[in-house]
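Chemist: Before I ask anything, here is the structure I am working with.
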Amino acid sequence: MFQPKKHSWQLWLSRILWLSVIFSAISAFFKQDWWLLIMSIFTLGLMIAPLILEKKLAVRLPISFEIILTAFIYASVFLGSANDFYEKYHWWDIILHAEAGFFTGFIGFTLLFLFFSENKIKAVPSLIAFFAFSVAMMIASVWEIFEYFMDTLFGLKMQRSGLPDTMGDLILGAFGALVVAILGYVYLKFNQKNWVQKMIDELIEENPQYRN
């Protein structure tokens, strides 16, 4: 049976972000700002999704992982799209897509690592690293398709400069994913400590069933 996660400043920060989105949704409703209301609800849905997956997959996310995910969703969807940070600050898109590469690369690395730990599959470190990179690129590509359809169907400007914006986003995502893949490979192959190893250790601490 899972033990409750320890409370920390990270957990409180996560809750503050939740409350700010909820307040924004309520405020948007009374102001009849339907776009902000829809995006606030969409943000909340994305924030809830990991909690649902935790229950479905019987996996506990470390608090550090949880706050990174929550902060990324908040920054990209709520601040970036709903509050026009992409338009106000040209560097906002660059930072978030690079961060997305790191984050999705880690998700891919973690998925295969957990299967590897349970002996469900046999995989060499290079295969796990390649899988992490591939998952990140798949997610980045799906996101660009999503941006294209949102621009086409609703007249948004998520792909501000068209093809250059798309390619720039994919290159940034690939860079972040490649860094994670390399760090993950070094950790598995040479047992060298780095931040990917630290995140994996936190994940295993929350999920002792994956301990070798």
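The values are calculated or read from the model by the stated rules, or taken from the named source; none is laboratory data. Note that the coordinates shown come from a computational prediction; the quantities given were computed from them, not determined experimentally. So basically every Cβ, Gly included, is an ideal-geometry build from the backbone, and we count neighbours across all protein chains shown.
Chemist: Inside segment 179-212, can you point out the residues that are out of contact with any helix residue (DSSP H, G or I) (no Cβ under 6 Å at 6 or more places or on another chain) and among the hydrophobic types (A, V, I, L, M, F, W, C)?
Modeler: Across segment 179-212, the qualifying residues are V179, I182, V186, F190, W195, M199, I200, L203.
Chemist: Right, here's the next one. Take I73 and tell me if it is buried (at least 20 other Cβ atoms within 10 Å of the Cβ), without any contact (Cβ under 8 Å) to a residue 60 or more places away in the chain and assigned to a helix (DSSP H, G or I). Steps first, answer last, please.
Modeler: On the way: buried (at least 20 other Cβ atoms within 10 Å of the Cβ): yes; without any contact (Cβ under 8 Å) to a residue 60 or more places away in the chain: yes; assigned to a helix (DSSP H, G or I): yes.
So I73 passes the test.
Chemist: Now a separate question. Between a first residue in segment 181-205 that is in a loop (DSSP other than H, G, I, E, B) and a second residue that is modelled with pLDDT of 80 or more, which pairs have beta carbons less than 9 Å apart while being 6 or more apart in sequence or on different chains?
Modeler: Final answer for the pair search is Q192/L183; Q192/V186; K193/Y187; N194/L183; N194/G184; N194/V186; N194/Y187.
Chemist: Moving on to the next point. Just to be sure before I move on: is Y86 touching a Gly at 6+ places or on another chain (Cβ under 8 Å) and in contact (Cβ under 8 Å) with a residue 40 or more places away in the chain in the structure I sent?
Modeler: yes
Here is a yes/no grid of residues against (1) loosely packed, with under 14 Cβ neighbours inside 10 Å; (2) of a type outside the set (A, V, I, L, M); (3) at pLDDT 80 or above; (4) closer than 24 Å to F65 by Cα:
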position	(1), (2), (3), (4)
N83	no, yes, yes, no
W92	no, yes, yes, yes
F103	no, yes, yes, yes
F116	no, yes, no, yes
A136	no, no, yes, yes
I139	no, no, yes, yes
F146	yes, yes, yes, no
A174	no, no, yes, yes
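Chemist: Name every residue in segment 23-48 that is surrounded by 14 or more Cβ atoms within 10 Å (Cβ to Cβ) and hydrophobic (A, V, I, L, M, F, W, C), in order of residue number. If you could, list the steps in order and put the result at the bottom.
Modeler: Kept after step one, since they are surrounded by 14 or more Cβ atoms within 10 Å (Cβ to Cβ), are these residues of segment 23-48: 24-25, 28-29, 33, 36-37, 39-44, 46-47.
A25, A28, F29, L36, L37, M39, I41, F42, L44, L46, M47, listed by residue number.
Chemist: Scan segment 76-94 for residues that are part of a helix (DSSP H, G or I) and out of contact with any Leu (no Cβ under 9 Å at 6 or more places or on another chain) and jot them down.
Modeler: If we filter segment 76-94 for residues that are part of a helix (DSSP H, G or I), which is where we start, we get 76-82, 85-88, 90-94.
Listed by number, the residues that qualify are L79, E87, K88, H90, W91.
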